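The values are calculated or read from the model by the stated rules, or taken from the named source; none is laboratory data. Being a predicted model, the structure only gives us computed values, none of them experimental. Virtual Cβ from ideal backbone geometry, glycine too; neighbours counted across all protein chains shown.
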Amino acid sequence: MTTLATPAGAAAGAPAATRSEGVWHAAWRRFKTDRVGVVCAVIVLSFLVLIAFSALGVVAKNWQAEVGVANAPPTFIGPRPAEAVGTVEVPKGPNADLSAVDPLAPRYAEIDEAAKKYRTADTVKAETLPMGADKLGRDVLSKAIKGTEISVFVGVLAALVATLIGTLLGALAGFFGGKVGDLLEWLYNVFEAIPGILLIFAFAAVFGRGIGTVVLILGLTGWTGLYRQVRAEFMKHGGREYVRAAEAIGASATSRMFKHILPNISHVILVRMGLLVVGFIMAEVILSYLGLGVGVEDVSWGTMLAEAQSELILGHWWQLAAATLFMCAFVTAFSLLADAVRDALDPKLRGLE
């Protein structure tokens, strides 16, 4: 007599059926083995937390306040020594007549007593700050933090706009082809025929300055590279068996485009978007440095570099160093993180494990 195996007997005697690992779970497992990628992820996450605190006003809230003396040096340098104010020989001695040098000298004590009534602790400016002060006495560290918020915000938001435009147009051109593809190819060629920097300057001259304007300019001019990649990927995947099988069971064109093909090329889009973020941050720095970026009421890495140009002539290098340090740290970490994410999501690497 044959008896049917119970679930308990099956679990004890026969090997249980294993479930295949998900794409995102496998990508996360591969990413954790990349030490450089993990370190860069921690650095980028730290910057994002700092940006969130800055946006909420926890840090760098009063970055415009003149808290230090003009061009106060960093703390590790210490305050500047007192500078000579002239070469006039001042008479010395208890009976010296200072009025011969300064007519107001006899009234200094009276003026000082009157000033004490209006002098408060808030008016005392620091002679040195953690990363120094600019020519107006504003804290360079607070400016660097606020500049990080604006520069990264502009780069990420502009990259999202360009990614949305490039992905949508590339999907339509690659999937449908025909007249739709020809029309979108013509639009692509129009944008590519004009040098990118000239196109950016033209948009900047028309729309003016401001954070929203910079985001719009970069988003409208930076989608072409992603468009070509997405179009090629959709043309390649459109004829594969899993897409034809979805069509055979009645899946709509929208479903095949965005539920079947798009997830399989997500690694291409994510990597390209990471490159766009880095490129747009650099573009914002250049535009702000040239006076075509964020407004005068805001601060970014580009405006800090523009201000540091005149300060550097006088030997005041700390604003340039602060902006460069923050910019290099974030851009380098973000670039390496994008490479690590690309390697983790690349389907070609799944068969090599």
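Results, tabulated for the structure shown:
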| read-out | value |
| --- | --- |
| Flag if residue 37 is surrounded by 12 or more Cβ atoms within 10 Å (Cβ to Cβ) and either modelled with pLDDT under 90 or within 30 Å of residue 149 (Cα to Cα) (or both) | yes |
| Filtered residues of segment 44-68 (kept if within 18 Å of the chain's Cα centre (by Cα), part of a loop (DSSP other than H, G, I, E, B) and surrounded by 14 or more Cβ atoms within 10 Å (Cβ to Cβ)) | 59, 60 |
| Flag for residue 180 being assigned to a helix (DSSP H, G or I) and closer than 30 Å to residue 152 by Cβ | no |
| Whichever residue in segment 289-322 is of a type in the set (S, T, N, Q) and in contact with an Asp or Glu (Cβ under 9 Å, 6 or more places away or on another chain) and, among such residues, is nearest to residue 223 (Cα to Cα) | 300 |
| Residue count, segment 289-307 (criterion: free of Cβ contacts under 8 Å to residues at least 24 places away in the same chain and either assigned to a helix (DSSP H, G or I) or in contact with a helix residue (DSSP H, G or I) (Cβ under 6 Å, 6 or more places away or on another chain) (or both)) | 3 |
| Extreme residue, nearest to the chain's Cα centre (by Cα), among residues of segment 299-324 that are under 17 Å from residue 215 (Cβ atoms) and either surrounded by fewer than 17 Cβ atoms within 10 Å (Cβ to Cβ) or small (Gly, Ala, Ser) (or both) | 300 |
| Output for segment 295-316, where each listed residue is hydrophobic (A, V, I, L, M, F, W, C) and at pLDDT 85 or above | 299, 301, 304, 305, 306, 308, 312, 313, 314 |
| When residues of segment 216-250 are limited to those that are of a type in the set (D, E, K, R) and part of a helix (DSSP H, G or I), the one surrounded by the most Cβ atoms within 10 Å (Cβ to Cβ) | 231 |
| Options 286, 281: the member that is surrounded by 19 or more Cβ atoms within 10 Å (Cβ to Cβ) and in a helix (DSSP H, G or I) | 281 |
